[in-house]
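What follows is a short report on a single structure.
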Amino acid sequence: MLKFRKVLVANRGEIAVRVMRTLREMGIASVAICSEPDRTALHVRTADEVRCLGGAEPASSYLDIDGIVAACKETGAEAVHPGYGFLAENPDLPRALERAGIVFIGPPADVLARVGNKTTARRLMREAGVPVIPGMDAPSDDIDELARCAGEIGYPVLIKAAAGGGGKGMRVVREPADLASATHEARSEASASFGDGSIYLERYLDRPRHIEVQVLADGHGHVVHLFERECSLQRRHQKIIEESPSPAVDGALRERMTQTAVTAARAAGYVNAGTVELLLDRERAGEFYFLEVNARLQVEHPVTEMVTGLDLVRLQVGIAAGEPLPFAQGQVTRHGHAIECRIYAEDPSVGFAPSPGTVLLLRPPSGPGLRHDEGVVSGSEVPVYYDPILAKLIAWAPDRDAAVARMIRALGDYVILGVRTPVELLIHLVSSEEFRAGRLHTGLVQELVQGWSPATEADDLVVAAVLARELHGRREVTAGTSGPSRIAGWPTPWQRLGAWDLRGGGR
């Protein structure tokens, strides 16, 4: 078996930091890549070595395959972990790495080509007997062909990027007159995000539940599932709250869904960690359809780790090194309930518009059953060029009700100043009657955001700037202390203002 001494992480932000932390636990040195705006980013400071590839645009940095290969050769990195997004599902990266004698910590290039491309995956799954949503089995650039297919499928239709995922290159079209403009927007976004502007159409299911199954497959023919995740709470087709297990899935449905996922993985010849995504039809009890295979680690993988006790990155590295899975399906157990909330730099009150800037202060909550995967710290710059995810907050508890209560408390304790975030909206969503009852679907966020407005006044950012100036003033922090609570010779702003929070006023 291979033994990696050094691994390059071809990504940025919280996923790069998360991967590097496991590498350090395994005694493996990490190499970061970065763009010019990211030279002082947390993932750069976390790595053992760093190579700056180029300018701000992803094409000259995080999407630069030649630059990544060169960085591996310069640093002696024997393997590359792609994280998610960017090149994670692009078969050109593992092909280039293989030519250079470097290991890709993910599926082989031919598997990526089969399942990473959504239309190829649809054909493959249909042949394997997996239920597939009606739609196109090949991408098209011809607007007349797209219009003809949309008419056959029936409106509303969903335009999707054939490469990549994460809600990029995706548009819902409800009327024929909107197809051309939505197609142009989807192509442009897909090209910018994945370097491939190919798109296709499929039927748009109204308010389904989005369920996904985590799978692991080694190079020795073993395939297992790690149960399901509920990912129905989304904005702009991108998830913002996930949980495991799903409140809608009972034992019998779980068995059907997980076995479908294993069948899909075997049909694709899958190796390493991946996710089989399914749509559960709310109109037809127990009916579900294959959506796609995400041939990478998912943003929401921590909820699976929390309920199974497994480190998916460690398992990925082991599989890439040629090791067999260290357990059989019957040895995988699930305990308790986990919920994840994504913390983005965005303003939900103005259509989830990005909110770049400086993180003046970040103070995540703490306590039993909490995990915080962050890509920024106090003082970090949030550039405009990349996905605005800052961190993920995960709460675990023995049952769902306790996990919900823990997440509400943790979000209430979350302090982040300098950029807008959806923390207030997340509290609103998790506290809602619909969420507490588990009545989830992909349109729920849009419904619950109607009529909602943040309690925080715009002047809070001015307050944040004043606080930051005081906290980072000329006086030194007292030795042996941390955080904003003690600055030598000063009464702190927290003491001056009394009890207060960003949701408006004192408390």
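The values are calculated or read from the model by the stated rules, or taken from the named source; none is laboratory data. This structure is a prediction, so every number in the text was calculated from the model and none was measured. No Cβ is skipped: glycine too gets one built from the backbone with ideal geometry, and neighbour counts run over all protein chains shown.
List of remarks:
- Evaluated against (1) small (Gly, Ala, Ser); (2) more than 25 Å from VAL19 (Cα to Cα); (3) out of contact with any Leu (no Cβ under 6 Å at 6 or more places or on another chain), GLY418 falls short on exactly one condition, (3).
- If the condition is being of a type in the set (Lys, Arg), under 25 Å from LEU124 (Cα atoms) and more than 24 Å from the chain's Cα centre (by Cα), then segment 238-286 contributes ARG256, ARG266, ARG284.
- Residue in segment 196-214 that is over 21 Å from PHE290 (Cβ atoms), modelled with pLDDT of 95 or more and either assigned by TED's automatic domain parsing to the domain that holds THR275 or surrounded by 15 or more Cβ atoms within 10 Å (Cβ to Cβ) (or both) present: no
- Flag if ARG207 is over 30 Å from GLY322 (Cβ atoms) and of a type outside the set (S, T, N, Q): yes
- Inter-residue pairs, beta-carbon under 7 Å, first at positive phi and in segment 7-31, second assigned to a helix (DSSP H, G or I), 6+ apart: GLY13/HIS43
- Search result, residues across segment 357-369 that are farther than 30 Å from VAL307 by Cβ and either of a type in the set (Ser, Thr, Tyr) or modelled with pLDDT under 95 (or both): THR358
- In segment 370-426, residue nearest to THR308 (Cα to Cα) [restricted to those that are aliphatic (A, V, I, L, M) and part of a loop (DSSP other than H, G, I, E, B)]: VAL376
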